[in-house]
1. May I ask you to list the residues in segment B:16-41 that are within 15 Å of residue B:82 (Cα to Cα) and among the small types (Gly, Ala, Ser)?
2. So, in segment A:22-39, how many residues would count as being more than 10 Å from chain B (Cβ to nearest Cβ) and touching a strand residue (DSSP E or B) at 6+ places or on another chain (Cβ under 9 Å)?
3. For segment A:47-58: of the residues being under 18 Å from residue A:83 (Cα atoms) and over 10 Å from the mean Cα position of the chain (by Cα), which is most open to solvent (accessible area, probe 1.4 Å)?
4. So how many residues does segment B:66-90 have that are over 18 Å from residue B:114 (Cβ atoms) and open to solvent by 70 Å² or more (accessible area, probe 1.4 Å)?
5. Which count do you get for residues in segment A:1-40 that are of a type in the set (Lys, Arg) and either closer than 18 Å to residue A:74 by Cβ or open to solvent by less than 20 Å² (accessible area, probe 1.4 Å) (or both)?
6. May I ask you to list pairs of residues, at least six apart or on different chains, whose Cβ atoms are under 6 Å apart, with the first in segment A:40-58 being among the β-branched types (Val, Ile, Thr) and the second being loosely packed, with under 15 Cβ neighbours inside 10 Å?
7. Can you tell me how many residues in segment B:42-58 are within 20 Å of residue B:81 (Cβ to Cβ), part of a loop (DSSP other than H, G, I, E, B) and open to solvent by 40 Å² or more (accessible area, probe 1.4 Å)?
8. Return only the number of the condition from (1) within 14 Å of the chain's Cα centre (by Cα); (2) modelled with pLDDT under 95 that residue B:2 does not satisfy.
Amino acid sequence: QKEVEQNSGPLSVPEGAIASLNCTYSDRGSQSFFWYRQYSGKSPELIMSIYSNGDKEDGRFTAQLNKASQYVSLLIRDSQPSDSATYLCAVNPGGADGLTFGKGTHLIIQP
Amino acid sequence: GAVVSQHPSWVICKSGTSVKIECRSLDFQATTMFWYRQFPKQSLMLMATSNEGSKATYEQGVEKDKFLINHASLTLSTLTVTSAHPEDSSFYICSARDLSGDPYEQYFGPGTRLTVT
């Protein structure tokens, strides 16, 4: 079973602080990794993709990948109340086109 | 760019009837689209991969005769839930890749909320 694990939370972070979201995956053949944001009742919105070990930054978001540890993380700097949502980690298992999703981490940014 | 639409956004149907959901890529061509299902407070589960001009590939445990997928053009895939039952009530979401951009990123439609009474 190819699995993606996330802490369901809720993770509560003060406004302006850094939110740190983590994800582990089981399939070592996975090559593509994604973070999606999902507001309640809405479909997922792509935030970041990462394919190589290391960091990838886009605005207030930084994705980190460590394939040896099978670990992906997302950092949100200067957190805003509008960042409050469920963050889904998604992985392309090796050889597959479709995404395997984690259950998501519910993030709450406290004003 | 990379906009995916779905229709309808919500539908209520009676048990035993069939429902068709459309997924369209609005500003790009999608040779491959994906159908996911999300039950309340759970994550998205891949149901099937829809390939233009060929048969869909279904995930283990998904009944292909119940969830009919047709990908007749490069911008349209349809999912038909046949003989729907209350346990089929869920949030159905499609996604597609814009190969003119990052070929691995999937963009999701707004979803269709199906309620079977």
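The values are calculated or read from the model by the stated rules, or taken from the named source; none is laboratory data. Please read these numbers as outputs of a predicted model, since none were measured by experiment. Glycine gets a Cβ as well: all are built from the backbone with ideal geometry, and neighbour counts include every protein chain shown. Note: areas computed on protein heavy atoms with side chains; ligands, DNA, RNA excluded. Shrake-Rupley method; radii C 1.70, N 1.55, O 1.52, S 1.80 Å.
1. Listed by number, the residues that qualify are B:16, B:18.
2. Restricting attention to segment A:22-39, the residues satisfying the condition of being more than 10 Å from chain B (Cβ to nearest Cβ) are A:22-30, A:35, A:37, A:39.
Now narrow it down to the ones that are touching a strand residue (DSSP E or B) at 6+ places or on another chain (Cβ under 9 Å): A:22-27, A:30, A:35, A:37, A:39.
Going through segment A:22-39 one residue at a time, the tally reaches 10.
3. So, considering only residues that are under 18 Å from residue A:83 (Cα atoms) and over 10 Å from the mean Cα position of the chain (by Cα), the one most open to solvent (accessible area, probe 1.4 Å) is A:57.
4. 1
5. The qualifying residues number 1.
6. none
7. Looking only at that region, the number is 2.
8. Against the list (1) within 14 Å of the chain's Cα centre (by Cα); (2) modelled with pLDDT under 95, residue B:2 comes up short only on (1).
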